[in-house]
Amino acid sequence: MTNDLMLDIETLGTTPDAVILTIGAQSFDPLTSSFGDVNFYKRINTETQENRKIDDPTVEWWAKQSSEAQEEAFGDEDRVELSDALDELGKLIWKSKRIWANGISFDMSILEHAYKSLNILPPWQYYNVLDARTIYKLNPDNERLGNSHHALEDCILQIDLLQRTLKKLGITKLN
């Protein structure tokens, strides 16, 4: 059953109030190699995030990334308002049993801040948010598959790593 959701974001900072560049989400079953038919990818209009922050070290970091990653993160096409993206994402989150992120102190804290800054209740229960990175570290044999810095592609890479780890550990059931 594919009622779990992996989230990933790309930003212009590392604090909860960072400007959000892109948001990706993919449904999946953590206990098999199945991906769901729900995926979400939005490029966010940065010009409308006046109260969100940009930090210089993150901008410098982006300058060292591949031209493909930079174009995807900073290209002008198909940008949406943050509020619209969060509204649409929220509908997917409410339908999900568990929400996974690659380190909940980054993605989830930034998304939570974004929802709250728009006076929207975050669409998840705190106890349904899980940290995929902690699971990966339980398997010292894992080979990291890379990171494209495309939020949806990174969700898929993170899901694959999570599924492989749970299989290797013999996990057959999650609460």
Are any residues in the stretch 12-38 more than 19 Å from residue 88 (Cα to Cα) and buried (at least 22 other Cβ atoms within 10 Å of the Cβ), and if so, which ones? 18, 30
What are the pairs, 6+ residues apart or on separate chains, where a residue within the stretch 8-25 that is under 11 Å from residue 113 (Cβ atoms) and in a loop (DSSP other than H, G, I, E, B) has its Cβ under 8 Å from a residue that is modelled with pLDDT under 95 and charged (D, E, K, R)? none
Please determine whether any residue of the stretch 54-69 is modelled with pLDDT of 95 or more, within 14 Å of the chain's Cα centre (by Cα) and charged (D, E, K, R). no
Given the conditions (1) closer than 20 Å to residue 174 by Cβ; (2) modelled with pLDDT under 95, every one holds for residue 98 apart from (2)
Which numbered condition in (1) within 24 Å of residue 125 (Cα to Cα); (2) in contact with a helix residue (DSSP H, G or I) (Cβ under 9 Å, 6 or more places away or on another chain) is the only one that residue 36 fails? (2)
Which residues, counting only those in the stretch 123-175, are more than 22 Å from residue 89 (Cβ to Cβ), of a type in the set (Val, Ile, Thr) and without any contact (Cβ under 8 Å) to a residue 40 or more places away in the chain? 134, 135, 165
Qualifying residue in the stretch 50-69 (condition: under 18 Å from residue 6 (Cα atoms) and not aromatic (Phe, Trp, Tyr)): no
Looking at the stretch 52-71, which of its residues are part of a helix (DSSP H, G or I), out of contact with any helix residue (DSSP H, G or I) (no Cβ under 9 Å at 6 or more places or on another chain) and either in contact (Cβ under 8 Å) with a residue 60 or more places away in the chain or exposed (fewer than 15 other Cβ atoms within 10 Å of the Cβ) (or both)? 56, 57, 59, 60, 61, 67, 68, 71
Residue tally, condition without any contact (Cβ under 8 Å) to a residue 40 or more places away in the chain, surrounded by fewer than 18 Cβ atoms within 10 Å (Cβ to Cβ), in a helix (DSSP H, G or I) and not hydrophobic (A, V, I, L, M, F, W, C), over the stretch 85-122: 4
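The values are calculated or read from the model by the stated rules, or taken from the named source; none is laboratory data. This is a predicted model, so every value here is computed, not measured. No Cβ is skipped: glycine too gets one built from the backbone with ideal geometry, and neighbour counts run over all protein chains shown.
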